[in-house]
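Let me begin by presenting the structure, written as C-alpha cells, before commenting on it.
The values are calculated or read from the model by the stated rules, or taken from the named source; none is laboratory data. Just so we're clear, the structure is a prediction, and the values are computed from it rather than from any experiment. Cβ placement follows ideal geometry from the backbone for every residue including glycine, while neighbour counts extend to all protein chains displayed.
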Amino acid sequence: MPTQGPFDLPAHVHSALTPLNKRLVVNRRGSTVWHAQTTSGPFAVKIGYPSQTHAWTALAPAREAAILRQLIPEEEVRSGEWEKGTWSAQPWREGESLFSLWEPHRHPSKPAEPNLSEALSCVAALAALHESGWVHGDVQPNHFVIGPTETSLIDLALARGGDVPEIYDFRYHGCLVHYEAPEISSSILKSGTAVPTMEADVYALGASFFISATGWRHVSYPDDADRKDQRQAIVDKPHRPINVPGVLGTLIEQMMSHNPADRPTSAEVFQTLRKAH
C-alpha cells in the first residue's frame, strides 16, 4: 500500500530552497503542499507521491511546473524528482478561495446575491488561461485564490494546451466529480479517460459558482455514492435548479447547459458580467 504522507521536504529540495520557515498546507490525494518562506519570497512547494488509487499523482508537480514555465517567468518555478515521485515550487498566491469567501452567502440570514466583482475576477482568470491556448481541466472553487489585488487560478497539473515532457505526462482521467461536465463524465465511464475542453472548464466554473453560493452540488447524488455512480448521475440527470439571483444565476444556467455547444465561452461570460458589474 502506498505511504500516505505527509512528506517533509526532501534534503535536496530543502537545500535548493533554503526555507526560513514552513507550514503544512494540505496532504491528500497524492500531494503534500507546504507554504515555505524563503529569502526570495513565499513559495508553494508540492511533494508528489503515488496515492492509494492513482500513480500519476507522483508526476503531477513536475507536470504542473512544465506548464507554469510556459505561462509565467521560468525563474519563478523550480522542480525535480525525489524517491517517491516529483516536486515543484512556485510563487505562493495570497488570498482566500472562492468557496471560503462566499461562505456567508450559504446562510439564509445573509445576503443571497454573491459579489459580482469576485465572480468577474474568477472568470477573468479562466478567460486569460483560455486566451493563452490552455485548458485547465480541474476548475473548482478552491482553485480560485482571490487576493487583495488579483485572483489566481492555481493547480494546473491536469491542464492541456502545450508541450509537456513525456516522462512527466499522463492521460486525463477527469477531475473532482462535483464540477465535472456531463460529456467528461460520459467519456470516462465509457473509456476511462477524456479530453478536457474549454467548454468543460466553463461548465465547471458554473458549478463552482453554484456550490459556492448555495452549498449544493450541481447534480444530486448520495453522499456515499461511489465515483462511477456519481458520474452516471451527472450523465443521466439534469442539474439542480439554479436559484442564484441576478445576472450570475442566469449565466450559471447557460454555463451548465448539458450540450457543450450551448455554453458561452469564458470570454463571453466575462463580457456579460463586466457589463452587469
### Query
Within region 167-176, can you find the residues that are modelled with pLDDT of 95 or more, buried (at least 19 other Cβ atoms within 10 Å of the Cβ) and under 13 Å from ALA194 (Cα atoms)?
TYR172
### Matching entry among GLU131, GLU113, GLU103 (being more than 20 Å from the chain's Cα centre (by Cα) and of a type in the set (Asp, Glu))
GLU113
### Cβ pairs under 6 Å, 6+ apart, first in region 139-152 and among the aliphatic types (A, V, I, L, M), second in a strand (DSSP E or B)
VAL145/SER152; ILE146/GLU96
### Summary
If we keep only residues of region 177-196 that are of a type in the set (Val, Ile, Thr) and closer than 21 Å to ILE211 by Cα, then the residue surrounded by the fewest Cβ atoms within 10 Å (Cβ to Cβ) is VAL177
### Task
Kindly indicate whether PRO42 is closer than 21 Å to VAL139 by Cβ and surrounded by fewer than 21 Cβ atoms within 10 Å (Cβ to Cβ).
no
### Message
Looking only at region 245-275, count every residue that is surrounded by fewer than 22 Cβ atoms within 10 Å (Cβ to Cβ) and in a loop (DSSP other than H, G, I, E, B) and tell me the total.
### Response
6
### Query
Considering only residues of region 9-31 that are in a loop (DSSP other than H, G, I, E, B) and in contact with a helix residue (DSSP H, G or I) (Cβ under 8 Å, 6 or more places away or on another chain), which is surrounded by the fewest Cβ atoms within 10 Å (Cβ to Cβ)?
ARG29
### Query
Restricted to region 51-74, and to residues that are small (Gly, Ala, Ser), in contact with a helix residue (DSSP H, G or I) (Cβ under 9 Å, 6 or more places away or on another chain) and modelled with pLDDT of 95 or more, which residue is farthest from GLY30 (Cα to Cα)?
ALA66
### Residue count for region 24-54, restricted to those that are free of Cβ contacts under 8 Å to residues at least 40 places away in the same chain and more than 17 Å from the chain's Cα centre (by Cα)
7
### Query
Any idea which residue in region 153-166 is surrounded by the fewest Cβ atoms within 10 Å (Cβ to Cβ), counting only those that are over 20 Å from ALA200 (Cα atoms) and among the acidic types (Asp, Glu)?
GLU166
### Out of TRP34, TRP56, TRP102, sole residue that is surrounded by 15 or more Cβ atoms within 10 Å (Cβ to Cβ) and in contact with a His (Cβ under 9 Å, 6 or more places away or on another chain)
TRP56
### Query
Of the residues that sit in region 231-244 and are surrounded by fewer than 18 Cβ atoms within 10 Å (Cβ to Cβ) and in contact (Cβ under 8 Å) with a residue 24 or more places away in the chain, which one is farthest from PRO141 (Cα to Cα)?
GLN232
### Members of region 35-93 found to be over 22 Å from GLY147 (Cβ atoms) and part of a helix (DSSP H, G or I), listed by number
TRP56, THR57, ALA58, ALA60, PRO61, ALA62, ARG63, ALA66, GLU74
#### Entry: For GLU150: the one exception among (1) more than 15 Å from LEU98 (Cβ to Cβ); (2) surrounded by fewer than 17 Cβ atoms within 10 Å (Cβ to Cβ)
(1)
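A quick yes/no check of all residues on (1) in contact with a Cys (Cβ under 7 Å, 6 or more places away or on another chain); (2) buried (at least 18 other Cβ atoms within 10 Å of the Cβ):
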site	(1), (2)
ALA66	no, yes
ILE72	no, no
ALA89	no, yes
ASN115	no, no
LEU129	no, yes
GLY137	yes, yes
PHE144	yes, yes
### Query
Is there a residue in region 76-87 that is of a type outside the set (Ser, Thr, Tyr), farther than 23 Å from ALA159 by Cα and surrounded by fewer than 15 Cβ atoms within 10 Å (Cβ to Cβ)?
yes
### Task
Test each condition in (1) in a loop (DSSP other than H, G, I, E, B); (2) in contact with a Pro (Cβ under 6 Å, 6 or more places away or on another chain); (3) charged (D, E, K, R) for ARG217 and report the one that comes out false.
(2)
